[in-house]
Every structure is written in C-alpha cells, then in structure tokens.
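In what follows, a structure is listed as structure tokens, so that the remarks can point back to it.
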Amino acid sequence: MTLPTINQSAVRWLWLSLLVFVLDIATKQMASAWLIYARPVEILPVLDFTLLHNPGAAFSMLANQPGWQRCFLSLIAAGVSVMLVVWIVRTPREQVWLPVALALILGGAVGNLFDRVVYGYVIDFISVHYNGRFFPAFNIADSAISVGAAMMIVDVIRDMRRGASANNSSS
C-alpha cells in the first residue's frame, strides 16, 4: 500500500488544526490572566467565564486520582493526534468534510495536550448553565473536538445513506 503524496492528500487542512490550537492557547492565557480562579464573570444569563483547572479527562472524569492520569491522558492524546495526522494524510484531496472534522479534533486534542504537559491540568473557562444546572466547564479545544466529532457522525450517516442508495439502485 502506497501513501498518497502531500499534494494528493487533504493535508492542506492542517492549517485549521493550527488555528484551533492558537485560538485555544490564546483564550486560555487570557482567561488565566484576567479571571480569578473559580469566580464566575457573567456574560449572559446562561453563560459565565469561570477559570477552572481540570486534571482529569472530559467532564472531570479521573480528576480525583493521585496523578497517574496526567501521563495516561497525555499518552492517549499524543497517540490520537498522530493517528489523526496519518488519517488526514491518507484522506484524498477531493474530500472536504472529513478532513475538516479531523483537523478540528486534532487542533483541540493538541491544545488540551499542551495544557496537560505544561501545567498538569487543562484550563477551562466557559461555563454554560440554565436554571441552576451547570454543564461542565470547557474551552475552545473542547468545542473544536465536539464540533469535529459531530461532523464525523454526520459524515458516517451520509456515507451509510449513500451506500444504501447505491445498493437499492443496483438491485
């Protein structure tokens, strides 16, 4: 199996990963400089900026562990990031939706990996709530990962529908 050349692949979308990474790091630095830890600043009735540090995974899973999770989660993020780069390189240049989704996920994964390696925790600052119920705090990286994952789900559903249509028309 031969790998496509850079000119044949969707590698051009890696700029989006870099953009997500830069925006994520910049907004986390601003939040760290301008916000007081755990003190909400109301932006809208359902949105606060609240500086929080998450040593765990998504939704603060593993946050109460003694510290092994930092290395474990960093290794997972690094491995997933390498896999995403390979996937993007192997994706044909004509495709747009899938490599954009992968690039968003990659940028977010690298942004959170940076925090975990440099600080030992991920900096979160976006807090959404309604009627006294709070969604776990998140950041730009988490948002990019979520949008990219949603795009991948849409891509899979579209592929399944195309496959079903092709099967029906060939019958």
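Please treat every number below as a calculation from the coordinates, not as lab data. Just so we're clear, the structure is a prediction, and the values are computed from it rather than from any experiment. Note that we place each Cβ from the backbone using ideal geometry, even for glycine, and neighbour counts take in every protein chain shown.
Of note:
- In order through segment 123-140: 3J(HN,Hα) via Karplus (6.51 cos²θ - 1.76 cosθ + 1.60), integer Hz, x for Gly, Pro: 7, 10, 8, 9, 10, 10, 8, 8, 6, x, 10, 10, 7, x, 4, 8, 9, 5
- Segment 40-48 - phi-based ³J(HN,Hα) in whole Hz, Karplus 6.51/-1.76/1.60, Gly and Pro as x: x, 10, 5, 9, 9, x, 10, 9, 10
- Cα shape, segment 105-171, gyration tensor, a/c 1.5 rule: oblate
- Amide H within-cut-off set for Ala57, under 5 Å, with H built and near neighbours excluded: Leu62, Ala63
- When peptides 161-167, 80-86 are sorted by average Cβ neighbour count within 10 Å, with the highest value leading, the order is 80-86, 161-167.
- Net charge dipole, the chain: roughly 300 debye, given to the nearest 20, about the Cα centre with Cβ charges of +1 for Lys and Arg and -1 for Asp and Glu.
- Residue among Leu16, Leu47, Leu113 with the largest mean-square fluctuation in a Gaussian network model of the chain, springs linking Cα atoms under 10 Å: Leu47
- For Ala10, the residues whose modelled amide H falls within less than 5 Å of its own, excluding neighbours fewer than 5 places apart on the same chain, are Thr91, Arg93.
- Counting other Cβ atoms within 10 Å as a rough exposure proxy, the listed residues Trp13, Trp68, Trp97 run Trp68, Trp97, Trp13 from fewest neighbours to most.
- Top of Ala58, Ala109, Ala144 by mean-square fluctuation, Gaussian network on the chain, Cα under 10 Å: Ala58
- Taking other Cβ atoms within 10 Å as a rough exposure proxy, Met30, Met152 sort from fewest to most as Met30, Met152.
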